[in-house]
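Novice: Below is one structure. I have some questions about it.
The values are calculated or read from the model by the stated rules, or taken from the named source; none is laboratory data. Just so it is clear, the model here is predicted, and its values are computed rather than measured. Virtual Cβ from ideal backbone geometry, glycine too; neighbours counted across all protein chains shown.
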Amino acid sequence: MRKRVVIAGLGDSGILAAVRLAPHADVVGISVKDSLVSGQELGMRVARPDAWAQDYFIGFRRFRGLDSVRVVHAALTSADLDARTVTVVAADGTATVESFDVLVISTGTTNGFWRRPTVQTADDVAADLHDTHQRLARAQRIAVVGGGATAVSSAGNLARSWPDKVVDLYFPGAQILPGYHSGTQVRVAQRLAELGVRLHLGHRAVLPLKRDEITTGPIEFTTGQPDGEADAVLWAVGRVRPNTAWLPAEILDDDGFVIVTPELTVPGHPGVFAVGDVAATDPLRTSARNGGGALVARNILAQLKSGKLRRYRPPAVRWGSVLGPQPDGLEVFTPWGQAVRFPAWTVDRVLQRFVVRRQLYRGVRD
């Protein structure tokens, strides 16, 4: 008899798990969006939303691997792990209880205006993309606050798309991209300088209450510098909040992330797994970007067959693309700080169409 697997959250990790489990189980996917709205490549999203949407905003029914998956467009409100049920509420207020044999928690995090756990249709998301892009297009001076990959990518892409604008990047440390190899830090700083981004190191900003949206200047600093002026301020300060209010507190750590074993199981609850940004695998919760979705699916199938589960091993250093796909190609940084460039023609034909759509997602219709 086929088991019923409920996947709570159909972001990148949830879909990667769903398409691998669907041939072997009855899969139900629960999502606040009716499409994949990836949290990846914010810089490309705000600067070139149409190009971003081609690969990161995809209707669920375009995924061949989701053909047999029942998708529930609703918000999760509670879970009874002993009774093995979750409760969801649709946009019209209708509540439904979904039972499960296996539960995969992949509800991600809230992080700025681009990652919110609100129930939205594809039209709602498209309107948000347009409004954000137009808000930045009208600004002559844009400030990005933060020193991580999201902030750096945003500053670089905005400067490249609008070379006539002033783009300032304010960050508290002595170097951008903490956690990356020093070679990557230096090379990306050089790229930003070439694009005209003005780097302001050692600037720790006072965070406003509305940092989950684009604000206006001035920006105040606790480190003593004069206020920063800007027509539009994009806050990418890494203050993520896990979307776990629907879960019992006993399975959460002090910051609200789901406690997991190295095998991505939830201790004390057989058949409950967690993966992605919501899972406390390591300080950076890297299972969202390093094959966690495929691994959790493999471990679920192994557990159902009484097989051996594999461990998730977080990378020792952050690596990968920082600025994301560009009109002239894609630059990927190795864990050792070396840059590997892919020509522009390979990004769509090879990386996206063959590696991502065919191999990872198991087929995406045009």
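Novice: Which numbered condition trips up G337, out of (1) of a type outside the set (D, E, K, R); (2) more than 30 Å from A79 (Cα to Cα); (3) part of a loop (DSSP other than H, G, I, E, B); (4) without any contact (Cβ under 8 Å) to a residue 24 or more places away in the chain?
Specialist: Tallying (1) of a type outside the set (D, E, K, R); (2) more than 30 Å from A79 (Cα to Cα); (3) part of a loop (DSSP other than H, G, I, E, B); (4) without any contact (Cβ under 8 Å) to a residue 24 or more places away in the chain, G337 fails exactly one: (4).
Novice: Here's something else I'd like to know. Name the single residue, out of those in region 1-41 being touching a Gly at 6+ places or on another chain (Cβ under 8 Å), closer than 16 Å to W114 by Cβ and among the aliphatic types (A, V, I, L, M), that is surrounded by the fewest Cβ atoms within 10 Å (Cβ to Cβ).
Specialist: L36
Novice: Looking at this structure, is S38 of a type in the set (S, T, N, Q) and in contact (Cβ under 8 Å) with a residue 40 or more places away in the chain? Reasoning before the result, please.
Specialist: On the way: of a type in the set (S, T, N, Q): yes; in contact (Cβ under 8 Å) with a residue 40 or more places away in the chain: no.
No: the conditions fail for S38.
Novice: Looking at V89, V28, V32, which is the one that is without any contact (Cβ under 8 Å) to a residue 60 or more places away in the chain, touching a strand residue (DSSP E or B) at 6+ places or on another chain (Cβ under 6 Å), of a type outside the set (F, W, Y) and over 25 Å from P327 (Cβ atoms)?
Specialist: On the way: V28 fails: without any contact (Cβ under 8 Å) to a residue 60 or more places away in the chain; V32 fails: without any contact (Cβ under 8 Å) to a residue 60 or more places away in the chain.
The match here is V89.
Novice: State all residues of region 229-251 that are outside any loop (DSSP other than H, G, I, E, B), small (G, A, S) and either in contact with a helix residue (DSSP H, G or I) (Cβ under 8 Å, 6 or more places away or on another chain) or crowded, with 21+ Cβ neighbours inside 10 Å (or both); if no residue qualifies, say none. Break it down into steps so the answer makes sense when it comes.
Specialist: Of all residues in region 229-251, those outside any loop (DSSP other than H, G, I, E, B) come to 232-235, 241-242, 249-251.
With small (G, A, S) added as a condition, the list becomes 232, 249.
Hit for region 229-251 is A232, nothing else.
For every residue, the table says whether it meets (1) touching a His at 6+ places or on another chain (Cβ under 7 Å); (2) without any contact (Cβ under 8 Å) to a residue 60 or more places away in the chain; (3) over 26 Å from D131 (Cα atoms).
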position: T216; (1), (2), (3): no, yes, no
position: G228; (1), (2), (3): no, no, no
position: A245; (1), (2), (3): no, yes, yes
position: D254; (1), (2), (3): no, yes, yes
position: G292; (1), (2), (3): no, no, yes
position: K305; (1), (2), (3): no, yes, yes
position: Y312; (1), (2), (3): no, yes, yes
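Novice: Of Q225, Q190, which residue is in a loop (DSSP other than H, G, I, E, B), more than 20 Å from G112 (Cβ to Cβ) and out of contact with any Pro (no Cβ under 9 Å at 6 or more places or on another chain)? Talk me through it step by step, then tell me what you get.
Specialist: Values: Q190 fails: in a loop (DSSP other than H, G, I, E, B).
Unique residue meeting the criteria: Q225.
Novice: While we're here: Just checking, does region 64-78 include any residue being modelled with pLDDT of 95 or more, assigned to a helix (DSSP H, G or I), crowded, with 19+ Cβ neighbours inside 10 Å and not charged (D, E, K, R)?
Specialist: First pass over region 64-78, keeping only residues modelled with pLDDT of 95 or more: 64-78.
Of the ones still in play, those that are also assigned to a helix (DSSP H, G or I) are 64-66.
With crowded, with 19+ Cβ neighbours inside 10 Å added as a condition, the list becomes 65-66.
Subsequent filtering for residues that are not charged (D, E, K, R) retains 65-66.
The answer is yes, given that some residue of region 64-78 is modelled with pLDDT of 95 or more, assigned to a helix (DSSP H, G or I), crowded, with 19+ Cβ neighbours inside 10 Å and not charged (D, E, K, R).
Novice: Suppose we filter D212, D277, D254 for residues that are at negative phi, outside the structural domain of S153 (by TED's automatic domain parsing), among the charged types (D, E, K, R) and buried (at least 17 other Cβ atoms within 10 Å of the Cβ); which single one remains? Before you say what the answer is, go through the steps one by one.
Specialist: Working: D212 fails: outside the structural domain of S153 (by TED's automatic domain parsing); D254 fails: buried (at least 17 other Cβ atoms within 10 Å of the Cβ).
Testing whether each residue is at negative phi, outside the structural domain of S153 (by TED's automatic domain parsing), among the charged types (D, E, K, R) and buried (at least 17 other Cβ atoms within 10 Å of the Cβ) leaves just D277.
Novice: Being under 21 Å from G320 (Cβ atoms) and over 16 Å from the mean Cα position of the chain (by Cα) narrows it down to one of A17, A51, so name that one.
Specialist: Details: A17 fails: over 16 Å from the mean Cα position of the chain (by Cα).
Within the list A17, A51, the selection yields A51.
Novice: In region 217-228, what count of residues is obtained for those that are surrounded by 14 or more Cβ atoms within 10 Å (Cβ to Cβ), within 20 Å of K165 (Cβ to Cβ) and either at pLDDT 95 or above or touching a helix residue (DSSP H, G or I) at 6+ places or on another chain (Cβ under 7 Å) (or both)?
Specialist: Total satisfying the criteria: 2.
Novice: Looking at (1) without any contact (Cβ under 8 Å) to a residue 24 or more places away in the chain; (2) part of a helix (DSSP H, G or I); (3) farther than 26 Å from D55 by Cα, find the lone condition where D128 falls short.
Specialist: Failing condition for D128: (3).
Novice: Does S182 satisfy being outside the structural domain of R289 (by TED's automatic domain parsing) and either more than 22 Å from R318 (Cβ to Cβ) or surrounded by 22 or more Cβ atoms within 10 Å (Cβ to Cβ) (or both)?
Specialist: So S182 fails the test.
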